[in-house]
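Before any comments, here is the structure.
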4 protein chains.
Amino acid sequence: MKRIAVFTSGGDAPGMNACIRAVVRGAVYHGIEVFGIRRGYSGMINGDIFQMSSHSVSNIVQRGGTILKSARSKEFMTPEGRAKAHEQLLKFGIEGLVAIGGNGTFTGATLFYDEYGIPTVGAPGTIDNDLYGTDHTIGFDTAVNTALEAIDKIRDTADSHDRIFFIEVMGRDSGYIAIQSGIAGGAELVMVPEVLTPISEVIETLKSGWSRQKSSSIIVIAEGEEEGNATEISEKIRAQVHSEVDMRVTTLGHIQRGGIPTAYDRILASRLGLGALEGLMNGEKNVMAGIVNNELVYTPFRDTIRLPKPISEDLLRMVKILSV
Amino acid sequence: MKRIAVFTSGGDAPGMNACIRAVVRGAVYHGIEVFGIRRGYSGMINGDIFQMSSHSVSNIVQRGGTILKSARSKEFMTPEGRAKAHEQLLKFGIEGLVAIGGNGTFTGATLFYDEYGIPTVGAPGTIDNDLYGTDHTIGFDTAVNTALEAIDKIRDTADSHDRIFFIEVMGRDSGYIAIQSGIAGGAELVMVPEVLTPISEVIETLKSGWSRQKSSSIIVIAEGEEEGNATEISEKIRAQVHSEVDMRVTTLGHIQRGGIPTAYDRILASRLGLGALEGLMNGEKNVMAGIVNNELVYTPFRDTIRLPKPISEDLLRMVKILSV
Amino acid sequence: MKRIAVFTSGGDAPGMNACIRAVVRGAVYHGIEVFGIRRGYSGMINGDIFQMSSHSVSNIVQRGGTILKSARSKEFMTPEGRAKAHEQLLKFGIEGLVAIGGNGTFTGATLFYDEYGIPTVGAPGTIDNDLYGTDHTIGFDTAVNTALEAIDKIRDTADSHDRIFFIEVMGRDSGYIAIQSGIAGGAELVMVPEVLTPISEVIETLKSGWSRQKSSSIIVIAEGEEEGNATEISEKIRAQVHSEVDMRVTTLGHIQRGGIPTAYDRILASRLGLGALEGLMNGEKNVMAGIVNNELVYTPFRDTIRLPKPISEDLLRMVKILSV
Amino acid sequence: MKRIAVFTSGGDAPGMNACIRAVVRGAVYHGIEVFGIRRGYSGMINGDIFQMSSHSVSNIVQRGGTILKSARSKEFMTPEGRAKAHEQLLKFGIEGLVAIGGNGTFTGATLFYDEYGIPTVGAPGTIDNDLYGTDHTIGFDTAVNTALEAIDKIRDTADSHDRIFFIEVMGRDSGYIAIQSGIAGGAELVMVPEVLTPISEVIETLKSGWSRQKSSSIIVIAEGEEEGNATEISEKIRAQVHSEVDMRVTTLGHIQRGGIPTAYDRILASRLGLGALEGLMNGEKNVMAGIVNNELVYTPFRDTIRLPKPISEDLLRMVKILSV
């Protein structure tokens, strides 16, 4: 393999730039030509492709977002779109791809390989940590710390006013951000999509706290919670408990996607970028590079797409014990 | 004056603890006995009052929230409530009060003085910076920096995805947080309650940016904006511009109230706490301590309550120039 | 076991409070009485021991340092000192100990068990990450992020002035903080005690950078580096390269020990605190609770004390590739 | 005036980029051509000059350091150097300059005007806040907050170990950073170059603290303190007090120069950049733009160079009261 390209796709995540840097510097180190594609599959179709050098990735390791930009492409989901993308890659002589993104990205790469034989190795870039095949995804640690900083700030107000706060964090299908930020933030309860927490249990927890003179409480809710979003849940509870209690809802929103990546995310992203590149050089295809138990592993896209990533029972148990 | 008490009231603000510390340490320094009242007027009525020493305020200068807690009290707005409060102060022998809060707090203090002759000197504690009689209120600088950090994070995503973000910050009647965080965050437009920004102007700004290849934009909106809140404004715009543009709304919410106070807020709070205490010792009453042009001044409560605090024309002009 | 005590010992580390909280709340959950000992073995000798409840550890999960304070005790290293300590524990009826600290602490605990049969389970609290038996120690992740923030700041100046900076980080016998903060900070070179980096190699790296128009460089040095400390190394280099290059040295020092713990450290500390407590309840003794490959394990003190914890070859290789 | 240039000179300071941005965007807004000069006077001599547009300063408002780089130039201090610089400016048709820097920079600009009639308006860019003619310099607020964060971290360790910490902050001739970070950080004592603090007073303060059971203390020392630097002072004290007390010294160093600018610094820098530009357009020369009592003022370079900027007596008094 003499010439490869790298791109980012799907929602941006802190650490994507550190990952791009590792792919580019790794390629330079190994004597391979490396190109960047802007805006994911959309740029691949439009030929928004440019050569990169070691210097192209100077001073980006600490930046959030992605210098290659990201976009979702409906066109790539059509055979015509992929044909155009293939033409562009041919034009630039690109023989292999490193894709930084999630399952949507990997699904596209699989179709593309089946049709045109251009191999892709993936790196897991998403704050949700919902990808099978790696202990952590790029951006997750930063997102958890961002959510945690917000929880720490809100607890100041909760304590000062004897309030209950319902804090909604990101995670449509996954409670990872909720459970980690909740434990670290000292939440009284964490509600995640993986496990049903009935409203009655929430009320019981609150009442038990009141009986022990706890005047304020933090409840962290993942956006994909089955009982509804934070506003709906707080209203259900308000309807069932006495009305003097001051309850507030806050949705953290998009701040969780951005920001300066943590040390953990920069190192993970560097390892996975280099791992994806070296995998591609060694003939891997249709696999995602991941770190499991501190070892680099390659997991087929069909497994990362198909297999669930269960949340730790231990962590769920810990929330209960620590809020005693 | 031999014995005074200090309390916090209204919404909590970062730096309130530094202010309490200055009142207490100042009292100790001047040989005056000092008491703390928990939960503002509500604790005054219930007698939740305790003696404080230099040690009571150790290691709090850096903490958000208020160790004295805060609450709004409907009872104090009744003559009966104030009578109970007066009885409690008599019981503890308290001759004067330092009240850290906003106009609601100062209105109560004025009534109380008229009826019982117990003097209060105020310190302006609110993140909104909407109090006449001081250049800045305690908590404002921290709130602006918190909003700014959020804007910095969101810009990562806006840039990576070529998106327009509408960011709603706090400020029901005041655009101070919006204008300062907007300028510092490089926003394309800032919408504040003090000045009407018609939707047509927003659209023009966006279009002018697109014509100059600006692919992402940040619009900061104060919650009290006349054209509606961030969601309503974004919907009005979406209805009028072509639909491919990706627009998102995010409401920063309660994170703006909490957090570790900045250096500026801790110093301001210390100056105002000491200034309020020494004013009280020198016979001031029904006034708020403030810093105007770097000098300590006392402004009558009737003026802080009545007079508006206009936003700087210069800053509004700057947003326009800097987003060229 | 009906009654246990917890203490912190050796250098303080961010996350120790989260660990104390998990021990205390875990004990309350399991119906065991729990005491705190202030200032480690020194407080054990002096009887500075007090009962703790769930409430004693409210609102500490986010605080750096240790509410139980820490100290080194020469007296406990004598048989007389340990006899006094034993007497005190008898007086309070304490049957087992959770010790949060490092190898010095664990050595003392082993002697104490041999003489008096009081079992101790340890939790690894040290920023250096130099303990065998756990992938990470409590405080390490926070220390790395603190060092990284400093490196990010210094790079601003290095870039603005075309300078070389030698940054000394903590780690007397261990290069863990250096290697992780160096990779994450985009350092051109990292010097660690585990591997000799000859001065000639440093000079070569700098020259190779200059030949590729790199105008600024960051070299991260662990304090235990064999070639000397940062100042000595910079002087050796200055003597051998042309004099126009602007070189500066900065020693990060004590800021690396303190600060608000990261999410990672709070969760790790919670797991290890609970793990140590439940180990003690289940009859473990003279072992340290650790997390290896995401599983809770107990390692005998004799192994944590004796066995080295090698630095990852992979990470050392990555520094070289990423600074291409 | 049709064509101007902007440059940064002297030590870098957070907010310089926001200032450059304001100069460039202001010029675009007013229809003036604007050039950037790299590495201050050194780049002026070498012709390292390039045209800038609104786009050149996108996404830099939040970055530390200076995109125009900075350097000290001995050559510009010679008539020959200035002659070369003048030739380059002629070549590019540059009629006026905005210089972001300190007194060294302004001295050069004055000489240059006397010889060649090219007017310069300055903006005060230095973390030390030691320039007459403005309440605050660009970078000062960020430096104070950086020093404060470090003090907050160190206090965790000081408290946990009952230690005295001597913390040296920047400020060769000025105690501004020391006094502000000291008050905000709750220091027991602050030592500044403007006022002699005899060692005997330091010892008295420490002893008085011990008598009130204060077990830890923070003493903040400006690097230009007359009694010596932090290490020397700590040794003088160690020689005079009993030896069990654990004393540590830490020098914050270069981290104080870098980092993401605070909201205050970004707004100040924007106002001063725009103020300097518009001053230049209106015929000002050999003056520095400053903000005094929230108003834009222009002060002649001869005054900013000659006149001292005294430290506030009020703040010095506050340290004493607050550490009671």
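The single condition among (1) at pLDDT 95 or above; (2) more than 29 Å from C:D314 (Cα to Cα) that A:A71 does not meet is (1).
Checked against (1) assigned by TED's automatic domain parsing to the domain that holds A:M288; (2) farther than 14 Å from A:A178 by Cα, A:D128 passes all but condition (2).
Could you look through the range D:214-251, keep only residues that are facing another protein chain (nearest Cβ under 8 Å) and of a type outside the set (D, E, K, R), and pick out the one that is nearest to D:D12 (Cα to Cα)? Selected residue: D:T251.
Being at positive phi, within 21 Å of the chain's Cα centre (by Cα), surrounded by 19 or more Cβ atoms within 10 Å (Cβ to Cβ) and modelled with pLDDT under 95 is true of B:G10. Is it true that C:G64 is small (G, A, S), more than 14 Å from every other protein chain (Cβ to nearest Cβ) and buried (at least 19 other Cβ atoms within 10 Å of the Cβ)? For C:G64, the condition - small (G, A, S), more than 14 Å from every other protein chain (Cβ to nearest Cβ) and buried (at least 19 other Cβ atoms within 10 Å of the Cβ) - is not met.
Could you pull out every one of the helices (runs of 4 or more DSSP H) wholly within the range B:128-213 that has 1 or more residues that are within 14 Å of chain A (Cβ to nearest Cβ), more than 19 Å from B:R238 (Cα to Cα) and of a type in the set (V, I, T)? Full working, then the answer.
Numbers: elements: B:140-161, B:176-184, B:199-211.
By residue number, B:140-161.
Answer yes or no: is there a residue in the range D:230-242 that is at positive phi and either hydroxyl-bearing (S, T, Y) or surrounded by fewer than 24 Cβ atoms within 10 Å (Cβ to Cβ) (or both). Scanning the range D:230-242, I find no residue that is at positive phi and either hydroxyl-bearing (S, T, Y) or surrounded by fewer than 24 Cβ atoms within 10 Å (Cβ to Cβ) (or both), so the answer is no.
With respect to the conditions (1) touching a Gly at 6+ places or on another chain (Cβ under 9 Å); (2) more than 20 Å from A:A276 (Cβ to Cβ); (3) not hydroxyl-bearing (S, T, Y), A:G101 falls short on a single one, namely (2).
Taken together, the criteria exclude A:R39 from residues that are out of contact with any Lys or Arg (no Cβ under 6 Å at 6 or more places or on another chain), within 14 Å of chain B (Cβ to nearest Cβ) and closer than 14 Å to A:G11 by Cα.
Consider the range D:214-242. How many of its residues are of a type in the set (A, V, I, L, M, F, W, C), in a helix (DSSP H, G or I) and either under 24 Å from B:S54 (Cα atoms) or free of Cβ contacts under 8 Å to residues at least 40 places away in the same chain (or both)? Spell out the reasoning first.
Filtering the range D:214-242 for residues of a type in the set (A, V, I, L, M, F, W, C) gives D:218-222, D:230, D:233, D:237, D:239, D:241.
Subsequent filtering for residues that are in a helix (DSSP H, G or I) retains D:230, D:233, D:237, D:239.
The next check asks that each one be either under 24 Å from B:S54 (Cα atoms) or free of Cβ contacts under 8 Å to residues at least 40 places away in the same chain (or both); those that pass are D:237, D:239.
Counting residues in the range D:214-242 that are of a type in the set (A, V, I, L, M, F, W, C), in a helix (DSSP H, G or I) and either under 24 Å from B:S54 (Cα atoms) or free of Cβ contacts under 8 Å to residues at least 40 places away in the same chain (or both) gives 2.
Cβ-Cβ distances below 9 Å connect the following pairs, each with a first residue in the range A:252-278 that is within 14 Å of chain B (Cβ to nearest Cβ) and more than 18 Å from A:T66 (Cβ to Cβ), a second residue that is part of a loop (DSSP other than H, G, I, E, B) and of a type outside the set (S, T, Y), and a separation of six or more residues or different chains: A:L252/A:M170; A:G253/A:M170; A:G253/B:L252. Here B:A230, B:A276 are screened, and the one residue that is in contact with a helix residue (DSSP H, G or I) (Cβ under 7 Å, 6 or more places away or on another chain) and of a type in the set (G, A, S) is B:A276.
Among the conditions (1) surrounded by fewer than 19 Cβ atoms within 10 Å (Cβ to Cβ); (2) within 14 Å of another protein chain (Cβ to nearest Cβ); (3) within 26 Å of the chain's Cα centre (by Cα), the only one that C:M77 does not satisfy is (2). Checked against the criterion of being among the aliphatic types (A, V, I, L, M), in contact with a helix residue (DSSP H, G or I) (Cβ under 8 Å, 6 or more places away or on another chain) and under 27 Å from B:V324 (Cα atoms), the candidates D:A99, D:A109, D:A85 yield just one match: D:A99.
Can you name every residue in the range D:68-89 that is more than 14 Å from D:E115 (Cα to Cα) and part of a helix (DSSP H, G or I)? Before you say what the answer is, go through the steps one by one.
To start, the set of residues in the range D:68-89 that are more than 14 Å from D:E115 (Cα to Cα) comprises D:68-75, D:88.
D:E75, D:Q88 - these are the residues of the range D:68-89 that are more than 14 Å from D:E115 (Cα to Cα) and part of a helix (DSSP H, G or I).
Search the range D:1-11 for residues being touching a strand residue (DSSP E or B) at 6+ places or on another chain (Cβ under 8 Å) and under 22 Å from D:T142 (Cβ atoms), and hand back the single one that is farthest from the other protein chains (Cβ to nearest Cβ). It would help to see each step written out before you state the result.
Narrowing the range D:1-11 to residues touching a strand residue (DSSP E or B) at 6+ places or on another chain (Cβ under 8 Å): D:1-10.
Of the ones still in play, those that are also under 22 Å from D:T142 (Cβ atoms) are D:6-10.
Numbers: D:V6: 15, D:F7: 12, D:T8: 8, D:S9: 11, D:G10: 10 Å.
So, considering only residues that are touching a strand residue (DSSP E or B) at 6+ places or on another chain (Cβ under 8 Å) and under 22 Å from D:T142 (Cβ atoms), the one farthest from the other protein chains (Cβ to nearest Cβ) is D:V6.
Among the charged types (D, E, K, R) and either touching a Pro at 6+ places or on another chain (Cβ under 8 Å) or farther than 19 Å from C:C19 by Cα (or both) - does that describe any residue in the range C:108-118?
Within the range C:108-118, the first condition is being among the charged types (D, E, K, R), and the residues that meet it are C:114-115.
When the remaining residues are screened for being either touching a Pro at 6+ places or on another chain (Cβ under 8 Å) or farther than 19 Å from C:C19 by Cα (or both), the result is C:114-115.
Yes, the range C:108-118 has at least one match.
Within the range A:185-197, is even one residue surrounded by fewer than 24 Cβ atoms within 10 Å (Cβ to Cβ), of a type in the set (V, I, T) and farther than 20 Å from A:G10 by Cβ? Yes, the range A:185-197 has at least one match. Inspect the range B:298-320 for any residue being within 30 Å of D:Q180 (Cβ to Cβ), part of a strand (DSSP E or B), assigned by TED's automatic domain parsing to the domain that holds B:S70 and modelled with pLDDT of 95 or more and give the result as yes or no. Yes, the range B:298-320 has at least one match. The requirement of being surrounded by 13 or more Cβ atoms within 10 Å (Cβ to Cβ), under 30 Å from B:N59 (Cβ atoms) and either more than 9 Å from every other protein chain (Cβ to nearest Cβ) or in contact (Cβ under 8 Å) with a residue 60 or more places away in the chain (or both) is not satisfied by D:V324.
If you check B:T120 against the conditions, is it crowded, with 24+ Cβ neighbours inside 10 Å and either of a type outside the set (D, E, K, R) or under 14 Å from B:K309 (Cα atoms) (or both)? Before the answer, list the steps.
Working: crowded, with 24+ Cβ neighbours inside 10 Å: yes; either of a type outside the set (D, E, K, R) or under 14 Å from B:K309 (Cα atoms) (or both): yes.
The answer is yes for B:T120.
The values are calculated or read from the model by the stated rules, or taken from the named source; none is laboratory data. Because the structure is a prediction, the values reported are computed rather than measured. Positions of Cβ are backbone-derived with ideal geometry, glycine not excepted, and every protein chain shown enters the neighbour counts.
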